[in-house]
1. What nm distance separates the two modelled labels at Val264 and Ala290, each placed 7 Å from Cα along Cα→Cβ?
2. Mind running the shape call on region 108-188? Use the C-alpha gyration tensor, a ≥ b ≥ c as the square roots of the eigenvalues: rounded below 1.5 for a/c, prolate if a/b tops b/c, oblate otherwise.
3. Using a Gaussian network model of the chain whose springs link C-alpha atoms within less than 10 Å, name the residue from Val168, Val102, Val86 with the highest mean-square fluctuation.
4. Highest GNM mean-square fluctuation, the chain, Cα pairs closer than 10 Å: which of Ala163, Ala126, Ala93?
5. Through the Karplus equation 6.51 cos²θ - 1.76 cosθ + 1.60, θ set to phi - 60°, convert the phi angles of region 311-318 into ³J(HN,Hα) values in whole Hz; use x for Gly and Pro.
6. Between their Cα atoms, which of Lys78/Lys159; Lys78/Lys112; Lys226/Lys322; Lys78/Lys185; Lys45/Lys322 are more than 24 Å away from each other?
7. Return Tyr263, Tyr234 ranked ascending by Cβ neighbour count within 10 Å, so the fewest neighbours appear first.
8. Just how far, in whole angstrom, is region 95-137 from region 239-303 if you go by their alpha carbon centroids?
Amino acid sequence: MKKHTPRRLVALLAAIGATLTVGTAQALEVGGLEIHGYGHQMYLKTTANKFLAADRDGSFRDNILALVLSAGIAERTKLWAQLASVNGESMSAHYFYIDHAVNDDLNVRLGKVLLPIGFYNEIIDARFLQRSGVLPMLYQPATDLVDEAYGGAGVSYGKSLGAGRLTVDGYGGQIVEHASAASGKQKSLVGGRLQYRTPIEGLRVMLSGASKRQQENGATGDVAKKSTLLSLEYRRDHWELKSEIGQIRRSGLGTDQTTRVSYVQAGYDFSDTWSAFVRNDSLQAPGYSASDPATYQKSLGLGVTYKLNSGVSLRVEHHFNKGYGMAVLTDETAAGQGKEKWQMLGASVNFIF
């Protein structure tokens with residue numbers, strides 16, 4: 001039977017095509033409302049194992065179109081919201097919150113807010129701003145380490161500390177999971193992030209942590225989850241070096257389960273238009289065993305990006321994998337049924353305005 005392209009995906013591709021034809025797009029302003037946007041369309045193909053909706057036949061499933069809206073509703077108060085279509089699905093609100101500046105150092109946020117964890121979570125879908133279209137395994141929803149957003153209240157406080165600057169984020173409420181990882185009723189969440197931009201130019205250090213409790217499908221009682229994430233970044237001239245390591249520990253499932261994940265990434269800008277990256281990812285899933293490739297995954301990724309202009313980029317990347325633990329966590333490849341050594345090719349167009 002012939003497969004037909006979903007209408008929403010056709011509309012998304014049309015929007016991307018329109019962006020390519022007009023060159024660098026500008027933010028739209030309607031009265032006091034400011035509208036920005038971003039998106040991407042990615043093609044993925046693997047040599048074995050199904051992962052991120054891709055297999056040996058290839059897939060155009062990975063795409064997003066997002067509109068970011070902001071409006072000043074008082075002198076120090078602003079409304080932020082994002083509407084997004086992910087993987088060709090209907091538009092929905094990914095976040096919406098009130099941001100009130102108490103003073104120059106302290107902000108309070110109320111509503112549904114993107115979770116302040118690590119380097120990428122608040123710009124997780126804006127692939128134009130990232131080196132790779134394939135997210136580090138640490139940020140894949142199936143690890144359960146990084147959630148999409150929280151519903152509740154948060155504060156952000158920043159202050160100069162010596163020759164550097166310290167920023168403290170704290171929040172509480174309930175988790176809003178990625179749709180692909182939703183697993184049960186959310187009960188409570190508290191967490192925070194410390195970020196220090198050191199006196200050494202280009203060097204920053206970040207520590208994130210969260211504790212949440214939820215009722216998971218199939219569990220007889222509450223499941224408690226505690227996650228920690230350490231992040232390091234150094235930028236100098238044309239170089240960008242990043243490394244993050246994190247773990248999440250789950251209790252209340254009969255036996256405690258721990259997932260550990262990390263990556264090291266180096267990026268280099270050859271010019272204003274050409275850049276490249278190399279990244280090494282590592283995952284140890286619950287029940288990790290060095291002799292069982294279904295419980296781990298190591299990946300070496302290489303890629304190059306070409307910017308057509310300040311709003312549109314093209315990217316090609318290739319990932320060499322050993323183990324398929326991440327594909328097992330996403331429920332796309334069954335344990336014992338995957339191939340230990342496999343590769344994945346990705347190509348994407350990314351835009352922002």
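A short reminder: the numbers here are calculations on the coordinates, not readings from a lab. Quick caveat: nothing in here was measured; it's all calculated off a predicted structure. Heads up, the Cβs are rebuilt from the backbone with ideal geometry, glycines too, and the neighbour counts pull from every protein chain shown.
1. According to this spin-label approximation, the distance is 1.8 nm.
2. Working: a/c = 2.40, a/b = 1.20, b/c = 1.99.
Verdict is oblate for region 108-188.
3. Result for the chain, Cα springs under 10 Å: Val102 fluctuates most.
4. With Cα springs under 10 Å in the chain, the top fluctuation among Ala163, Ala126, Ala93 is at Ala163.
5. Result, rounded to whole Hz: x, 9, 9, 10, 9, 10, 8, 9.
6. Working: Lys78/Lys159 21 Å; Lys78/Lys112 14 Å; Lys226/Lys322 28 Å; Lys78/Lys185 30 Å; Lys45/Lys322 16 Å.
From Lys78/Lys159; Lys78/Lys112; Lys226/Lys322; Lys78/Lys185; Lys45/Lys322, over 24 Å: Lys226/Lys322; Lys78/Lys185.
7. Details: Tyr263 22, Tyr234 17.
The most exposed by this proxy come first: Tyr234, Tyr263.
8. Each part's Cα centre sits 21 Å from the other's.
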